[in-house]
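Asks: This is the structure I want to talk about, given as structure tokens.
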Amino acid sequence: MTSYMDRTAIVGIGQTEFSKASGRSELQLAAEASKAALADAGLTPADIDGMVTFQLDSNDELDVQRCLGIPELRWTARAPFGGAGASACLQMATAAVASGAAKAVLVYRAFNERSGVRFGQPGTYQLRFPDFHIAYGLDTPAKIYALWYQRYMHKYGVTNEDLGRYVVVAREHAATNPAAWYYNKPITLQDHQQSRWIVEPILRLLDCCQESDGGVAFIVTSVERAKDLRQPGVRVLAATQSHLQGGNIMFDYYRGELADFSEIGAISKQMWNSTGLGPDDIDVALLYENFSPVVFMALEGHGFCKPGEAKDFIKDGNIGMKGKLPVNTNGGLLGEGYIHGVNNILEGVRQIRGSAANQVPGAEHVLVSASRSAAILGKL
Amino acid sequence: MHDEDFFWEGVNNNQLLFQRCNECNTLRQPPGPMCPQCQSLNWQPHAAKGTGTVYAWIVSKHPNQHTDEHRIVALIELSEGVRLVSNLQDFPAEQVHEGLAVEVFFQEINGQKLPQFRPARAGV
């Protein structure tokens, strides 16, 4: 292996509760989650010398440093974009540790995304007016992305009821995950089909992720150091990004065939090449879904089924806990909470450790995909 | 100064303009300072015919406000090969289909003149 991968591990994870009104500052959420990650790893603040978060995170690195009493930071980086950068945070932390730029990197993401600035509301995306999208009525993420999903659903004959079959599984997983917002609240396909339209005939209410308050954090250090720490280390086998010519994070309308999420295919190729693994080696897939159709595009893009076949793959029972490929075992961002996809990395760690609420027995390889960034986690 | 200023000046004059590279003639949309094909900074506005077809579409409507007037938002593939997000008017939402032939017109919406599309008249 020629890459810098395979030399780092995730050694600690921490999170707050996921709610609709945290009642405390975003900085406090970041600090609480980070403190929990340190305790989980058995590390002290003085062990941390790097930090990574989202470009969109409101919490200044130095404020988090001050809260935690970290003496000195030597590495900071921020992942661009929104949720598409979730696994890019891990790549940045991994690159820093593997290169020697930092010894242990704290990654955090914390926000009051329901009680504070809501992502799902019109007006959150401040662009100049007129523009090429919002002026025409694409004023919420549901509408912005639905224009793209429409092409996918049209091309492959996917119906909203097909989407519902994924949501039922995600909510089944959330129902048995005590940390999930929808703990103890499974739904039926009928419940899904009776929820109100958000963008008819593409998305219903239950196809949309949560707007959540909460914080999550994890710590990346070297494989050598990981062996001496409190928890079974989780090796980072791959963590990478893919951004293709002509693409766009939110308004991805301007190139080629929109029914195929090209970046997912490209990022898979990178990861299968660098690890020697393939789709059949993945025991659990955590697939970022701000809206349910992404799961379908991701199942196909990563090669778990052929283009257009995700609806049948799901219908045939493959993505449940007893299926061939359990998907979003935490309930996903629809069921557990939307901490911008970073909560899926924590679930990946728990699956490899064997400590997940919905544990897949003997899980050895977990894919954590945010479509334009993705990672594969494995045992130390 | 923004890269798309020419586009809105065109719209205000009832013209649909796209950037065309002076070096390799490639059209681009959305606007940008450099040609993605040949990296030339030299371009000029090209007046589009204003005809195209529907590639994808949704109905934009506030889910909680049933009195809200809906708009069909369509991704239009123009005859010149570039795509543009716009609205489709004078056509029932349930009958929109891929490949529907459309033509541009201009209308002031919320105080701003915008390119809009309607089904192409026969012979256009």
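Here's the yes/no breakdown for (1) touching a Gly at 6+ places or on another chain (Cβ under 8 Å); (2) part of a helix (DSSP H, G or I); (3) within 14 Å of chain B (Cβ to nearest Cβ); (4) surrounded by fewer than 23 Cβ atoms within 10 Å (Cβ to Cβ):
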position: A:Asn184; (1), (2), (3), (4): no, no, no, yes
position: A:Ile187; (1), (2), (3), (4): no, no, no, yes
position: A:Gln193; (1), (2), (3), (4): yes, yes, no, yes
position: A:Ala217; (1), (2), (3), (4): yes, no, no, no
position: A:Thr221; (1), (2), (3), (4): no, no, no, no
position: A:Arg225; (1), (2), (3), (4): no, yes, no, yes
position: A:Ala239; (1), (2), (3), (4): no, no, no, no
position: A:Gly247; (1), (2), (3), (4): no, no, yes, yes
position: A:Asp252; (1), (2), (3), (4): no, no, yes, yes
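Asks: Select from the stretch A:97-120 the residues that are of a type in the set (Gly, Ala, Ser) and in contact (Cβ under 8 Å) with a residue 60 or more places away in the chain and list them in ascending order.
Replies: Keep residues of the stretch A:97-120 that are of a type in the set (Gly, Ala, Ser), which gives A:98-102, A:104, A:110, A:115-116, A:120.
A:Ala98, A:Ser99, A:Ala104, A:Ala110, A:Ser115, A:Gly116, A:Gly120 - these are the residues of the stretch A:97-120 that are of a type in the set (Gly, Ala, Ser) and in contact (Cβ under 8 Å) with a residue 60 or more places away in the chain.
Asks: Would you mention how many residues in the stretch A:283-319 are assigned to a helix (DSSP H, G or I), charged (D, E, K, R) and buried (at least 18 other Cβ atoms within 10 Å of the Cβ)? Please lay out each step first, then the result.
Replies: So the first thing to find is which residues in the stretch A:283-319 are assigned to a helix (DSSP H, G or I), and the list is A:293-301, A:310-315.
With the extra rule that they be charged (D, E, K, R), the set shrinks to A:300, A:311-312, A:315.
Checking the rest, the ones that are also buried (at least 18 other Cβ atoms within 10 Å of the Cβ) come to A:300, A:311.
Matching residues across the stretch A:283-319 total 2.
Asks: While we're here: Quick check: is even one residue across the stretch A:334-341 within 12 Å of the chain's Cα centre (by Cα), more than 24 Å from A:Asp162 (Cα to Cα) and in contact (Cβ under 8 Å) with a residue 40 or more places away in the chain? So that I can check it myself, show each step before the final result.
Replies: The first filter runs over the stretch A:334-341 and keeps only residues within 12 Å of the chain's Cα centre (by Cα), leaving A:334, A:336-341.
Next, from what is left, pick out any that are more than 24 Å from A:Asp162 (Cα to Cα): A:339-340.
From what is left, the residues that are in contact (Cβ under 8 Å) with a residue 40 or more places away in the chain are A:339-340.
The answer is yes, given that some residue of the stretch A:334-341 is within 12 Å of the chain's Cα centre (by Cα), more than 24 Å from A:Asp162 (Cα to Cα) and in contact (Cβ under 8 Å) with a residue 40 or more places away in the chain.
Asks: I need the full set of residues from the stretch A:49-74 which are within 26 Å of A:Ala370 (Cα to Cα) and in contact with a Ser or Thr (Cβ under 9 Å, 6 or more places away or on another chain), in order please.
Replies: Once the filter is applied, which keeps residues that are within 26 Å of A:Ala370 (Cα to Cα) and in contact with a Ser or Thr (Cβ under 9 Å, 6 or more places away or on another chain), the stretch A:49-74 yields A:Gly50, A:Met51, A:Val52, A:Thr53, A:Asn59, A:Glu61, A:Val64.
Asks: Every residue in the stretch A:254-282 that is among the acidic types (Asp, Glu) and surrounded by fewer than 20 Cβ atoms within 10 Å (Cβ to Cβ), please. If you could, list the steps in order and put the result at the bottom.
Replies: To start, the set of residues in the stretch A:254-282 that are among the acidic types (Asp, Glu) comprises A:257, A:260, A:263, A:280-281.
The answer is A:Glu257, A:Asp260, A:Asp280, A:Asp281.
Asks: Exactly one condition in (1) surrounded by 13 or more Cβ atoms within 10 Å (Cβ to Cβ); (2) over 26 Å from B:Leu100 (Cα atoms) is false for B:Met1; which is it?
Replies: Going through (1) surrounded by 13 or more Cβ atoms within 10 Å (Cβ to Cβ); (2) over 26 Å from B:Leu100 (Cα atoms) one by one, B:Met1 breaks only (1).
Asks: Looking at A:Glu211, A:Glu224, which one is acidic (Asp, Glu) and under 20 Å from A:Gly42 (Cβ atoms)?
Replies: Numbers: A:Glu211 fails: under 20 Å from A:Gly42 (Cβ atoms).
From the options A:Glu211, A:Glu224, the qualifying one is A:Glu224.
Asks: Considering only the stretch B:32-107, give the strands (runs of 3 or more DSSP E) lying wholly within it that have at least 3 residues that are at the interface with chain A (Cβ under 10 Å from one of its Cβ atoms). Even if it seems obvious, please write down each step before you answer.
Replies: Details: elements: B:43-47, B:51-60, B:71-78, B:83-88.
By residue number, B:51-60, B:71-78, B:83-88.
Asks: Still on this structure, please answer the following. Can we say A:Gln65 is surrounded by 15 or more Cβ atoms within 10 Å (Cβ to Cβ), among the polar types (S, T, N, Q) and more than 26 Å from A:Ser99 (Cα to Cα)? Walk me through it before giving the result.
Replies: Working: surrounded by 15 or more Cβ atoms within 10 Å (Cβ to Cβ): yes; among the polar types (S, T, N, Q): yes; more than 26 Å from A:Ser99 (Cα to Cα): no.
Judged against the criteria, A:Gln65 is not a match.
Every read-out reported here was derived from the displayed coordinates using simple, explicitly stated rules and does not represent laboratory data. Predicted model, so just to flag it, every value in this text is computed and none were measured. All Cβ positions, glycine included, derive from the backbone under ideal geometry; neighbour counts span all protein chains shown.
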